Amino acid sequence: MLPVAELHMHIEGSLEAELVVALARRNGVDLPTFDPVELKARYRFTDLQSFLDIYYANLAVMKTEEDFYDLGTAYLTRAAASGVRRAEMFFDLQTHTQNGVPQEAVFAGFTAAIADARTATGISADLILCFLRHLGGEAATQTLREAMPFRDRFIGVGLDSSELGFPPSLFTEAFGIAGSEGLHRVAHAGEEGGPDYVWEALDLLAVERIDHGNRAMEDPELVARLRDEQVPLTVCPLSNIALKTAPPELADHLLPAMLAEGLLVSINSDDPAYFGGYVNDNFAAITNELALGPEQLGTLAENSFTSSFLPEAEKQALRLEVRKALENDQR
Ligand SMILES: Nc1ncnc2[nH]cnc12
Ligand SMILES: [Zn+2]
């Protein structure tokens, strides 16, 4: 597998059914079933909200710093083994604090997992604090203010959860504070919401990346802006199929059209425990179903580093590694 950066994954979305059950037992939390196979059989999604309902329900098992450490370690170990060299991981702080977990436990567990994974595997990782849209703009602002004692534990803010009805314009205050604190800014937009959500994220929240962005393709003027400004789009093919935010067959995905438009797209897993695979599985699926050649796969891998928040020299070194891996494969 090519070296890649993963820029759009919710660390809570890597909570495998086996770990849900193990943590429920450890913490004395009740579940509808303690059989991981049966639990997974309940993962039937018709849209984003039907997925989020299950995803948030499972997170009731996360209680202690050790739980956050175990979740972070499981993802980072697996990612490093499949070619991920850099991970910028979303976390849903408000979900955990609403469940009664002190934010100290969340930050301490994830931070220790990142440090230990780096020592064990060399993977570089950082956290992006996502505001939950469904809790509204004031809650986002309050969450960010309360998280400021941990300012050095995360590199940016994002915007996730239910998209329709919760446009970026509700979150200008929180994103304004984030900007003045020197935090990076990203937002989910154009997953279920239309191109207007992408325009708002760019114009009102000053985001540096758009997460998903598929529906931007409906607006030629927006496509031109994304291309001209080389705004990164973090595309998640298996997520789009699972949540029905793309045509039902992967073969009909807009990814080749996005590449042909010259957009800075990368491949990501979103919620790998729920959507049928990790970033390498997403690469395998698009390679098979979209008939992408080595040159296009190399572009996607290089784009992932270009789109990351790593220093420019590190991006350059990692892009060279992609080129070397491609040459080795061709020999
Ligand atoms: N795909 C997604 N869209 C919005 N919010 C999310 N939270 C976890 N996964 C998400
Ligand atoms: Zn997402």
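Just so you know, all these numbers are worked out from the coordinates, no wet-lab data involved. All of these numbers come straight from a predicted model, not from anything done at the bench. With ideal geometry, Cβ positions are generated from the backbone for all residues, glycine too; neighbour counts draw on all protein chains shown.
From helices alone, the chain scores -15000 deg cm²/dmol at 222 nm; the rule is -39500 (n - 2.57) for each run of n ≥ 4 DSSP H residues, then divide by the residue total.
Set against the 2.2 N^0.38 Å expectation for a compact globular protein, the stretch 188-300 has a Cα radius of gyration ratio of 1.00.
Length gained on full extension, Glu18 to Asp228, computed as 0.36 nm times the residue gap minus the Cα-Cα distance: 71.1 nm. Rounded, prolate or oblate for the stretch 248-309? Axes are the square roots of the Cα gyration tensor eigenvalues, ordered a ≥ b ≥ c, and the cut-off for rounded is a/c under 1.5. Oblate shape, in that a/c is at least 1.5 and b/c is the bigger or equal ratio. The tail of the calculated P(r) for the stretch 121-260, taken as Cα-Cα distances beyond 18 Å, holds 55 percent of the pairs. Comparing Ala187, Ala57, Ala206 in a Gaussian network model of the chain where C-alpha atoms under 10 Å apart are linked, the largest mean-square fluctuation is found at Ala57.
A straight chain from Leu290 to Ala112 at 0.36 nm per residue would run longer than the Cα-Cα distance by 60.2 nm. Counting charges near Ala105 (Lys, Arg +1; Asp, Glu -1) among other residues having Cβ under 11 Å from its Cβ returns a value of -3.
For Lys40, the lysines whose Cα falls under 19 Å of its own Cα, not counting residues fewer than eight places away in the same chain, are Lys244. Approximating the spin labels as points 7 Å out from Cα along Cα→Cβ, the His134-to-Glu321 distance works out to 3.8 nm. D by Stokes-Einstein for the stretch 43-146, Kirkwood Rh over Cα pairs, 4 °C, 1.567 mPa s: 88 µm²/s. Only residues of the stretch 193-219 count here: report those whose backbone N is under 12 Å from the spot 7 Å along Cα→Cβ of Thr172, or say none. Once the point is set 7 Å along Cα→Cβ of Thr172, 200-201, 203-206 turn out to lie under 12 Å by backbone N, inside the stretch 193-219. Summing +1 for each Lys or Arg and -1 for each Asp or Glu, what net charge is found among the other residues whose Cβ lies under 14 Å from the Cβ of Phe34? Combined, the nearby Lys, Arg, Asp and Glu give 0. Taken over the stretch 1-93, the percentage of Cα pairs per 5 Å bin, counting from 0 up to the bin with the maximum distance, is 3, 12, 23, 22, 19, 14, 6, 1, 0.
Considered as an equivalent ellipsoid built on the Cα gyration tensor, the chain has semi-axes of 28, 23, 21 Å, the largest given first.
Taking a straight Cα-Cα cut-off under 28 Å and skipping sequence neighbours fewer than 8 places away in the same chain, the lysines within cross-link reach of Lys315 are Lys324. A compact globular protein would have a Cα radius of gyration near 2.2 N^0.38 Å; the ratio found for the stretch 43-104 is 1.29.
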